[in-house]
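Working notes, structure below.
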Amino acid sequence: MSKTALITGVTGQDGSYLSEFLLEKGYDVHGIIRRSSVDFRERIAHLEGHPHFHLHYGHMGDSMSLIKVVDKVRPDEIYNLAAQSHVQVSFDSPEFTADVDATGVLRVLEAVRACHLEKTCRIYQASTSELYGKVEEVPQNENTPFHPYSPYAVAKLYGYWIVKEYREAYDMFCCSGILFNHESERRGETFVTRKITLAVARISQGLQDCLYLGNLDSLRDWGYAKDYVECMWLILQNDKPEDFVIATGVQHSVREFTELAFRHAGIELKFEGKGIDEKGICVKGPEKLVGKTLVAVSKDFYRPTDVVNLWGDPTKAKAKLGWDPAKTSFEQLVKLMVEHDIAKVASEGAAAKVRTNLAEYLEKGIVK
Ligand code: NAP
Ligand code: F7E
């Protein structure tokens, strides 16, 4: 008998990779989408029409819709990936973020109970390294104290604790994956890695002059999203419900990511200056770019509080789940994202400029 999975956040980066992964495993996959006036389903467009892939309307703020879908699908596994996932945006929309990322988790758990599936349905909660926030130790593992440092992280902390509570109170198989940053060619365009790889593609093709970033010193443990969705599944196949840190165990700065991304496009940068005055100048590459400032710092991309030292310790996931944190290296990740975006921008031409301008306005909170 094939298993049935329900994914909230199916249209997102992780939801799309997880759908592919579960379909390959022979699952019947159901996803929840929210109504939009425009089509935001490009990450799953290739799956629509697959005989084992089904979509349902629902919303994380609407208990009734969640109960109806859970009752109709009667899943063996739920992957709760839906979230307002942008940390900077959570400062602009803290209440919405709390409703979706905190209370939304409770709604999913209660939907399972309302449908009397609490003894059979396993639940994965998309938790985050942002819980460590203003970090209290490095590297971070399952026992590191939490110190959330944004409205997003505070909301996700509620999600983490309510999952733990339902596990203990009702003996439910529900677990949190504490995932460190994971990126891909499907990453949202306003997260720093994708913003950089798209800018590299556009600058190298003469469609953008300069990339504006915030804190270049910020440190992250970046992995490849496609490798991380396997772990979500492994967490639910474990003998008992437990929480796991998922990370590569390797740390790099935003500046290092930027340097390497430009290098893959044949552009060498030299960084000069400090803080808001720091600049990345082209010292080698196409003649028309040499001597130009291709990277500058803008305070628009600074956060009221920023998490600056994330570095995960995946020992437990390696030992108990047999997961390989070194499947895709940092260098391979940057390369695959840059190559993808160079091809994408080349095929979009001038339309790529309009798209990235829009992404930049949105990130700055400017409505034009
Ligand atoms: P993402 O690309 O931003 O996708 C978020 C998904 O949530 C989208 O499908 C979105 O739908 C959906 N969603 C948002 N609000 C909703 C609502 N009110 N009702 C229903 N659906 C809603 O995020 P991701 O990178 O795939 O991340 C997946 C999950 O992992 C998130 O919970 C995120 O917070 C968490 N996480 C991510 C990372 C990472 O590095 N990627 C690390 C740790 C944890 P639309 O397409 O309609 O917007
Ligand atoms: O920022 C710095 C920024 O927005 C990374 C989400 O998936 O991972 C993600 O959250 C760092 C921060 O991701 C820019 O200040 C510098 O220190 O790519 P990001 P994030 O905030 O780490 C966690 C694990 C999640 O759970 C979230 O859902 O980069 N940074 N300059 C910048 N960041 C952005 N976005 N834009 C800049 O221009």
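With a 10 Å cut-off between alpha carbons and a GNM built on the chain, which of SER37, SER176, SER90 moves the most? The residue with the greatest mean-square fluctuation here is SER37. Build a GNM of the chain with springs between Cα atoms under 10 Å apart, and of MET64, MET172, MET337 the one that fluctuates most is MET64.
Highest mean packing comes first when the peptides 202-213, 14-25, 300-311 are listed by Cβ atoms within 10 Å, giving 14-25, 202-213, 300-311.
Could you estimate the translational diffusion coefficient of the range 302-349 from the Stokes-Einstein equation, with Rh from the Kirkwood formula over C-alpha pairs, at 25 °C and 0.890 mPa s, in whole µm²/s?
Values: Rh = 14.2 Å.
Using the Kirkwood radius from Cα pairs, D works out to 173 µm²/s.
With q set to 0.17, 0.22 Å⁻¹, the log10 of I(q)/I(0) for the range 13-53, from the Debye formula over equal scatterers at the Cα positions, is -0.44, -0.72.
Suppose every K and R has +1 on its Cβ and every D and E has -1 on its Cβ; what is the size of the dipole of the chain about the Cα centre, in Debye to the nearest 20? Don't jump to the answer; show the numbers that get you there.
Details: 45 positive and 52 negative charges, 126 e Å.
Computed about the Cα centre, the dipole is about 600 debye.
Over the range 210-273, the pair-distance histogram of Cα-Cα distances with 10 Å bins from zero comes to 16, 35, 25, 15, 7, 0 percent, rounded to whole numbers. Surface calculation, 1.4 Å probe, protein heavy atoms: LYS316 sits at approximately 50 Å² accessible.
Largest mean-square fluctuation among TRP161, TRP323, TRP222, in a Gaussian network model of the chain whose springs join Cα atoms under 10 Å apart, belongs to TRP161.
Each Lys and Arg contributes +1 and each Asp and Glu -1, all at the Cβ; summed about the Cα centre of the range 146-203, the dipole is approximately 320 debye. Counted residue by residue at 0.36 nm each, then reduced by the alpha carbon distance between them, the extension gain from ASP217 to ASP62 reaches 51.8 nm. So what does log10 I(q)/I(0) come out to for the range 177-229 at q = 0.21 Å⁻¹, using the Debye formula with one equal point on every Cα and no solvent? For the range 177-229 at q = 0.21 Å⁻¹, log10 I(q)/I(0) is -0.85. Using the rule -39500 (n - 2.57) for each DSSP H run of four or more residues, divided by the residues of the chain, the 222 nm mean residue ellipticity is -11500 deg cm²/dmol. Relative to the dominant Cα principal axis of the chain, helix 104-114 is inclined by about 20°.
Inverting the pair-averaged 1/r between distinct Cα atoms of the range 138-181 gives 11.7 Å as its Kirkwood hydrodynamic radius. For the range 166-218, the relative contact order works out to 17 percent when only alpha carbon pairs closer than 8 Å and six or more residues apart are counted.
Suppose every K and R has +1 on its Cβ and every D and E has -1 on its Cβ; what is the size of the dipole of the range 168-234 about the Cα centre, in Debye to the nearest 20? Display every interim value, and only then the final one.
Details: 7 positive and 10 negative charges, 80 e Å.
Result for the range 168-234 is approximately 380 debye, rounded to the nearest 20.
Between the Cα long axis of helix 192-204 and the first principal axis of the chain there is an angle of about 40°, rounded to the nearest 10.
Over the chain, all Cα pairs binned in 10 Å intervals from 0 give whole-percent P(r) values of 5, 24, 34, 25, 10, 3, 0, listed from short to long.
Using only Cα atoms, figure out Rg for the range 10-102 and give it as a multiple of 2.2 N^0.38 Å.
Values: Rg = 13.8 Å, N = 93, 2.2 N^0.38 = 12.3 Å.
My calculation over the Cα atoms of the range 10-102 gives 1.12.
Please give the helix 254-264 orientation as an angle from the longest Cα principal axis of the chain, in degrees from 0 to 90, rounded to the nearest 10. Roughly 70 degrees, rounded to the nearest 10. Taken over the alpha carbons of the range 116-272 as equal point scatterers, the Debye sum produces base-10 log I(q)/I(0) values at 0.20 Å⁻¹ of -1.28. Residue farthest toward the positive end of the dipole of the chain, with Cβ of Lys/Arg at +1 and Asp/Glu at -1: which of PRO139, PHE96, PHE191? Farthest along the dipole direction, towards plus: PHE191.
Solvent-accessible surface of the chain, averaged per residue with a 1.4 angstrom probe and all protein chains in place: 44 square angstrom.
In nm², what is the average projected area of the convex hull enclosing the Cα atoms of the range 195-342? Intermediate results must be reported in sequence, preceding the final value.
Details: hull surface 39.1 nm².
Mean shadow area of the hull around the Cα atoms is 9.8 nm².
Whole-percent P(r), the range 105-149, all Cα pairs, 10 Å bins from 0: 24, 32, 25, 18, 1. Solvent-accessible area of the range 230-284 (1.4 angstrom probe, protein heavy atoms only): carbon and sulfur portion equals 50 percent.
Starting from the exponent 0.38 and prefactor 2.2 Å, build the expected Rg for the range 80-156 from its residue count and divide its actual Cα Rg by it. Against the compact-globule rule of thumb, the ratio is 1.23. State which entries of LYS274/LYS335; LYS134/LYS164; LYS134/LYS279; LYS288/LYS335; LYS72/LYS119; LYS270/LYS299 exceed 25 angstrom in Cα-Cα distance in the structure shown. With Cα atoms farther than 25 Å apart: LYS274/LYS335; LYS134/LYS279. In summary, the aspartates and glutamates within cross-link reach of LYS320, defined as a Cα separation below 15 angstrom excluding same-chain residues under 8 places away, comprise GLU142, GLU230, ASP239, GLU242, ASP243.
The values are calculated or read from the model by the stated rules, or taken from the named source; none is laboratory data. The structure displayed is predicted, hence computed values, not measured ones. Cβ sites come from the backbone with ideal geometry, for glycine too, and all protein chains shown count toward neighbours. Just the protein is used for accessible areas: all its heavy atoms, side chains included, with ligands, DNA and RNA removed. Shrake-Rupley method; radii C 1.70, N 1.55, O 1.52, S 1.80 Å.
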